[in-house]
Amino acid sequence: MIVSASSGDLRDEYENIVMTYRNMLTYTIDGINDPERNKIYLKLIQSILKLADRVRQDILSHFSGWHTYWVKQQAEKELRLTGKTIVETVDDLMFKSELDELLNLNNEINPDPESEISRRHKLLIRNIFNHLWLTDYYGEAELSLITIILKSGKFRWHEASLFTSAITLSSLRTWQTEKLMYLLDIYESSDDQVKERALSGLILNLHYFNGRVLLYPEIGKRIKKMSRNASFREHCRIIVLQTIRSRETEMLARKLHDEILPQVAKLKPQIEEKLDLENILPKDLTEGKNPDWSAMFNDSQEIFKTMEDLTKLQMEGADVYMSAFANMKHFDFFRDFQNWFVPFYPDHETVNEIYKDEILGPGTNELAEALYKTPFICNSDKYSLLLNLKHLPSAQKSMMLKVFRMELEGLQQLNDDESAIDPYRNFRINVTQYLQDIYRFFKLSPYKKEFEDIFSGRLDIYNSEFFRMTGNAEEAEAGLADYFFSKNFYDDALGLYLKQISSKPDNAPLYEKIAYCYQENNNYRDALIYYRRAEMIDRKSWTLKKIGLCLRRLGKTEEALEYYLQAIDMDPENIHTVIMTAHCYLDLNDYEKALKYYFRVEYKEPDNLKILRPIAYCYFALGRFEDSEKYYERLSAGKLSAHDLINKGHLALCKGKKREAADLYRQSISMDEITSDQFMNIFASDQELLISLGVNPDDLPILLDYLLFNIG
């Protein structure tokens, strides 16, 4: 990398590091005992990492052409025009005079955005943001500047929030221990909405630079000290959980999209699919997660609902609006880099634009206040919504005003009620909105290519050094494991559940959930091991059926049947167990016994057309063609699948009706559910049964050729 860099100082520093390391190696080999060796070695590692960061920044600055480095170069050019080349103290800052002017002001900044003092103040905020963002390594000047921001009382909370984001971005660009310490300082000494951003930025940085954390023991020392405070630990837990929750965002968007344009699953020529065995029962009656587990979640039960209820997801903090607002980021407002991080507040100049609107103007205060207080929309999307309102037709503007007025009234009551119940509510809301702002920046901003997306990958913050430093890891991991499990992140849940085994060796629900994670990842062998362990501790019908499921998936159908029969003895009225027992007999070609159990389902659910499918097939396989035909006629009251038409064709063929059989086969192919090649594979797998039922084997190739000629 140094070969591509422009500065010769970087090469010299590299040579110095190499020389120091060579000397250390020589002293060690010669047997010289240096009590400072470990400290020197650690310092060398820190130095080579810092040098790598500097080289990277040098190369990007000269060759990337990115907005980040254009702004940085402009600032450096202006600095040189003042006769300086480096900022050492706060007096060297280009905007020092404007800063002094603000500090000497006795009154609030003029609310009129067009006033000269407002324009100068806005420029000062931009300059401070850019300086904190683009300075690679903080020194005395930055320490003084941050101290002024925190202690002067001249900067409003939303400005301090913006500066905190700048420090976070700067730290993500170039690691420096001091920057992380400043974020902790801000957390300990700022307003709520500022401290929430500081701790969020710290956690994102510590996760991103996880490999470096242990090389800087002063960070760990301070975090461990702060972790003695229960509020700090809870704040960290909230941020970690909400960051991990961002993984749901794209999944949610896909879910919403797929409900509009549902995907069609590929069909496979297996008897289970041919007879649609999996879907005989409605989804809410199939056996999934153990119903007993719901008791494990106690007061958090509502948090661990499925994604079906978008309102509940929204209350949890799920990012349900990402896809809706993704197309509302084209306004000039979002071309201004810092606006991706500015909190929403009622006095923002964007709100002032609404005053000029004939319809929205009179209700601007309620509108802005409702947007400010609503917990469900992040800051970035609030600005999108506000900017978009101007372009709506008059009728929609009036309607939106009424909605916001009602919303404001309801929100006040909601805030008062819930804050009394949950002391961390406001922290959680603000963190959620801020992390969603950052998520939008990395996913949607025109500058996203200039940043490594910290929201890509697994976001396994629970595996980071930081997470271990905050204490109570076992308790926190248990909660996270259940969260992952509830959201179907089975790989993550599995790793955390496995860590709990040593401390909970007799916990049957733990073994069940480990097994279920393996099952959902199609690892039926390991699932079987843990289901059997659970069954030894707490024998119940649900576990027996899961053992049966794994054995059946592993091709051990006779063993599976034994477990399903035991489950029926324990819970004879369970319709799912009855069906799975029937499926096992069907797999074993014991059609008489399969029918016995399928009839029990038909008796209990006379309106379930899907149960007719395996009954018709069993009658067919037994050679009872008339009975089979009656059931296929009843099945025809619904929509016949391609496999149904093939089986009806088989039935016609066995009854000697070759032309009718060919017509049914042709219909199955023309439905576009299966291709002609798939049909051929299905037909080949059924030939042995057809021949056993009396079909002349010599007729089969002739029938297929006739069919293929006629479908072209």
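Couple of notes before you dig in:
- Nitroxide proxy distance, nm - points 7 Å out along Cα→Cβ at E660 and S118: 8.5
- Sequence of R247, R173, R525 once ranked by neighbouring C-beta atoms within 10 Å, starting from the fewest: R525, R247, R173
- In degrees, nearest ten, helix 425-444 long axis to first principal axis of the chain (Cα): 80
- Residues H583, H121 in ascending order of nearby Cβ atoms (within 10 Å, fewest first): H121, H583.
- Evaluating 6.51 cos²θ - 1.76 cosθ + 1.60 at θ = phi - 60° for every residue in region 214-220, the Karplus couplings come out as 6, 7, 10, x, 5, 5, x Hz, glycine and proline recorded as x.
- Taking every C-alpha pair closer than 8 Å and separated by at least 6 residues, the mean separation divided by the residue count of region 593-690 gives a relative contact order of 19 percent.
- Our summary gives the chain a relative contact order of 9 percent, counting only alpha carbon pairs under 8 angstrom and 6 or more residues apart.
- Summed side-chain charge close to S190 - residues other than S190 whose Cβ falls under 13 Å, Lys, Arg +1, Asp, Glu -1: -2
- Degrees between helix 364-373 axis and first principal axis of the chain (Cα, 0 to 90, nearest 10): 70
- Potential lengthening between V71 and D698 on full extension [0.36 nm per residue; Cα-Cα distance subtracted]: 217.6 nm
- Sequentially through region 390-407, phi angles give Karplus couplings (6.51, -1.76, 1.60; θ = phi - 60°) of 4, 9, 7, x, 4, 4, 5, 4, 4, 5, 5, 4, 4, 4, 5, 5, 5, 4 Hz, Gly and Pro residues having no value and appearing as x.
- J(HN,Hα) series, region 491-504, from Karplus relation 6.51 cos²θ - 1.76 cosθ + 1.60, nearest Hz, glycine and proline x: 4, 5, 4, 4, x, 6, 5, 4, 5, 8, 4, 4, 8, 9
- Spatial offset of region 42-85 relative to region 379-412 amounts to 43 Å, using the alpha carbon center of each.
- At an R0 of 41 angstrom, the distance between the Cβ atoms of E450 and R539 translates into a FRET efficiency of 0.10.
- Exposure proxy ranking, count of Cβ atoms within 10 Å, fewest first, for D185, D482: D185, D482
- Site pair A326 and R525 shows an inter-label distance of 4.0 nm when each label is modelled 7 Å from Cα along Cα→Cβ.
- Here's the picture: charge each Lys and Arg Cβ at +1 and each Asp and Glu Cβ at -1 in the chain, and of L241, I128, V71 the one pushed furthest to the positive end of that dipole is V71.
- Over region 321-420, relative contact order from alpha-carbon pairs under 8 Å, at least 6 apart, %: 33
- Net charge of the neighbourhood of A582, taken over other residues with C-beta under 9 Å away and scored Lys/Arg +1, Asp/Glu -1, is +3.
- Debye equation applied to the C-alpha atoms of the chain, log10 I(q)/I(0) at 0.06, 0.07, 0.09 Å⁻¹: -0.55, -0.70, -0.97
- Part-to-part distance (alpha-carbon centres) for region 587-632 and region 506-552, which is given in Å: 30
- Taking the charge dipole of the chain about its Cα centre, with +1 at Lys and Arg Cβ atoms and -1 at Asp and Glu Cβ atoms, the residue from I691, L389, I615 reaching farthest to the positive side is I691.
- Cβ-defined net charge surrounding K448, 12 Å radius [Lys, Arg +1; Asp, Glu -1]: +1
- For N106 and D422, the difference between the fully extended length at 0.36 nm per residue and the C-alpha to C-alpha distance is 109.9 nm.
- Cα centroid separation - region 173-214 against region 431-490, whole Å: 15
None of the figures in this text is laboratory data; all of them are computed from the coordinates on show. Predicted model, so just to flag it, every value in this text is computed and none were measured. Reconstructed Cβ throughout: ideal geometry from the backbone, glycine too, with neighbour counts over all protein chains shown.
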